[in-house]
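Below you will find the structure I want to go over with you.
Read the figures in this text as sums done on the coordinates, not as results from a lab. What you see is a predicted model, and the numbers here were worked out from it, not measured in a lab. Don't worry about glycine lacking a Cβ; one is built from the backbone with ideal geometry, like all the others, and counts go over all protein chains shown.
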Amino acid sequence: MWGALLRLGSRGGGRRGLSGGGPPSAAPWSQVVSEAEKIVGYPTSFMSLRCLLSDELSNIAMQVRKLVGTKHPLLDTARGFVYDSRNNLQMRGLVVLLISKAAGPSTTDLSFQHNMVSGIYSSQRSLAEITELIHTAFLVHRGIVNIGELKSCDGPLKDMQFGNKMAVLSGDFLLANACTSLAQLQNTKVVELISSAIGDLVQGIYYENSRSSENCLTDDIGISTWKEQVFLSHSALLAKSCQAAMELAKHSTEIQDMAFRYGKHMSMSHKLHSDLQPFVEESSSDTMAFSLNCAPAVLHQEFLGRDAWIKQIRELQEAIKAGKGVTSAIDLCRCHGNRALAALESFPPSEARAALANIVHAVTRFS
């Protein structure tokens, strides 16, 4: 199905496409991120430090300590802010900074190049922070639990209700800060782009929540619908932030479109890579958790047929491992990776462009 698209990126001088075997020399994710951070000038783990260390959030953090001993998901989100080497919460802001540096200054307007530091405009750095704040706000909001489905082992009801209130208030606080900073950029098109990305996130999360829980049978959505929903909930923010970064530097519509494509396809590959881990990790156990709405499961259902899918549900993980869903999902991941690499061809060769390519190779690497 994806054979023709997998060859995308193998044509043209110097373009590094992803073959069926994947990039053999792809560096580990943590190494890729560390090298990229050196290029943009500072560790992006401190990107939103001004907001996260504000008095308001410090007070919220003190209140969240009351949830220790419960199973409220807001605690896991808070731990992720401190250390999350696997998913790297700051990845979106890092990509925005890299794409900004890779594009460089616009040749049409040289009047404000004095605002550049390490090849990146101050407004683009602000945009990267805004992108991270929006992403973090939605992560916090996802930590709201359904009180009606709680078990006694989850913790006292009053603590879980309190955790929900903290998730709503702290998420709203982060989102309000992001919107305030967005208005200060004083660029109408950028405001429209990021506002529409927030709308996409809301719509995508609504779709996710309207589906059956992860421990139930998935709806018969098909891979096309899955990609539409994943774009809304995982790709739209990064894609539109990359485009907005080009708008802030007054780049052409063509360059903005290429930046959008890179952000879209790289984040799609990132999501597919995450979905595939329970099925490709050598150390994964039979009981390793996975979503029935992940790409391998959806593709497996398409190949197998709805009726047979329902019959196999109790042996689902092994059935997916043995079927075509995993290999097709890997192909799809590399397909989006090749599209992201193809979009990078519009940018001049540089360390930043190489780092963006390395990120793609890292999220399409399967050992």
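Net charge near ILE39, counting Lys/Arg +1 and Asp/Glu -1 over other residues with Cβ under 15 Å of its Cβ?
+1
Let me ask something additional. Given R₀ = 45 Å, FRET efficiency for GLN161-GLN184 by Cβ-Cβ distance, to 0.05?
FRET efficiency, GLN161 to GLN184: 0.80.
Now, a different point. What residues qualify as long-range amide H neighbours of ILE221, i.e. H under 5 Å apart, gap of 5 or more or another chain, H built at 1.01 Å from N?
Counting only residues 5 or more places away or on other chains, the set is empty.
Starting at the first residue of the range 95-100, write each ³J(HN,Hα) from the Karplus equation 6.51 cos²θ - 1.76 cosθ + 1.60 with θ = phi - 60°, in whole Hz, x for Gly and Pro.
5, 4, 5, 5, 5, 5
Output the peptides 122-129, 346-353 sorted from most to least packed, where packing is the average of other Cβ atoms within 10 Å over each peptide's residues.
122-129, 346-353
Related question: Under the Karplus relation 6.51 cos²θ - 1.76 cosθ + 1.60, θ = phi - 60°, what is the ordered set of whole-Hz ³J(HN,Hα) values for the range 126-141, x standing for Gly and Pro?
Couplings: 4, 4, 4, 5, 4, 4, 5, 5, 5, 4, 5, 4, 6, 4, 5, 5 Hz.
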